[in-house]
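No value in this document is a laboratory result; all are computed from the given coordinates. As the structure is a computational prediction, the values presented were derived from the model and not from experiment. Neighbour counts run over all protein chains shown; Cβ positions are idealised from the backbone, glycine included.
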Amino acid sequence: MEKEMLYVIGGLILIFALGVKIIRPTQRGLIERLGKYKSFAMPGFHWIIPFIDKMYMVNTTEQMVDAQAQEIITNDNLNASVDAQVYFRVISDEASVKASQYNVNRYEWQIVNLARTTLRNIIGTLTLKSANSERGKINAELHKTLLEETKTWGIDVIRTELKQIDPPADVQETMNKVVKAENEKIAAIDYATARETVADGEKRARIKEAEGSKRAQILKAEGEAEAIKMVNQAAEEYFVGNAQILRKLEAVEVAMSANTKFVVPAGSDLVNVISEMAGIVPLKTKEK
């Protein structure tokens, strides 16, 4: 009897253990009884009837799926390798969790295929150049389409990201050459601009130098003119009415500068003029 009791107790303990379910904060549970939905399970301890009830755990954290690289023909008939990532999560309320399990089969796989199809539709209308330059627009259209298509799945599509839009190898090589040539062109323009700037600077420097030289010559000429004016004023002041004497002095100056020897009579006007200018009185001659 005691042995049978031990079997019963052991069986009850085993049944109880089989029915224990622990739900983490990042999960929600759906409990089914005999194939029918019974209740919604929040995080914490739960016990279900083994073999009669069944609990399905659903992850409600943000998840990411890769749309996988695929070849897409662009509007300019080029094969571009396109890949994208989709970030989503199952909304944690009861209706959304039920929809993710009962309205769609394997929602991760469905999202991947929907993203691949949407990318083909979007990029197929664009040229390769515009597809590369309008990544933001492609992401926005992909995100909008996924939101509309999955609104009955209990899923929130958070964002989409294009991983790559790669052209064929030969096209990529040509594009690299074009970019290199464009960079060299910009560098040449910058060098020419710099040289032009230097030439302009040198030109301005020469102009300033010429203007300075011109100004110096003008100042010199003005100085000489002022000196001549002063000499003329002195001549008019000290030699008024003595033009012949001034002329004789100029002749003496020229002759003396050439170291010319000449004899001037003692009683001549020239000797008297020189003597007066030098402050010398001529000696009187002795009477015979």
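Of the residues making up region 123-130, one or more are small (Gly, Ala, Ser), within 36 Å of the chain's Cα centre (by Cα), surrounded by 15 or more Cβ atoms within 10 Å (Cβ to Cβ) and not in a loop (DSSP other than H, G, I, E, B). Of the numbered criteria (1) surrounded by 13 or more Cβ atoms within 10 Å (Cβ to Cβ); (2) among the hydroxyl-bearing types (Ser, Thr, Tyr); (3) out of contact with any strand residue (DSSP E or B) (no Cβ under 6 Å at 6 or more places or on another chain), the one TYR102 fails is (1). Entry remark, region 36-61: residues being surrounded by 13 or more Cβ atoms within 10 Å (Cβ to Cβ), part of a loop (DSSP other than H, G, I, E, B), in contact (Cβ under 8 Å) with a residue 24 or more places away in the chain and under 51 Å from the mean Cα position of the chain (by Cα) number 1 in total. Within region 88-100, can you find the residues that are of a type outside the set (Gly, Ala, Ser) and either within 11 Å of PHE40 (Cβ to Cβ) or in contact with an Asp or Glu (Cβ under 6 Å, 6 or more places away or on another chain) (or both)? Passing the criteria: ARG89, ILE91, ASP93, GLU94, VAL97, LYS98.
Per-residue answers, yes or no, for (1) under 31 Å from the mean Cα position of the chain (by Cα); (2) among the acidic types (Asp, Glu); (3) over 30 Å from LYS38 (Cα atoms); (4) loosely packed, with under 13 Cβ neighbours inside 10 Å:
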{"position": "SER96", "(1), (2), (3), (4)": "no, no, no, no"}
{"position": "TYR107", "(1), (2), (3), (4)": "no, no, no, no"}
{"position": "GLN110", "(1), (2), (3), (4)": "no, no, no, no"}
{"position": "LEU114", "(1), (2), (3), (4)": "no, no, yes, no"}
{"position": "GLY136", "(1), (2), (3), (4)": "yes, no, yes, yes"}
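Can you name the residue in region 62-94 that is among the polar types (S, T, N, Q), outside any strand (DSSP E or B) and on the phi < 0 side of the Ramachandran plot and is also surrounded by the fewest Cβ atoms within 10 Å (Cβ to Cβ) among such residues? By that ranking, first place goes to ASN75.
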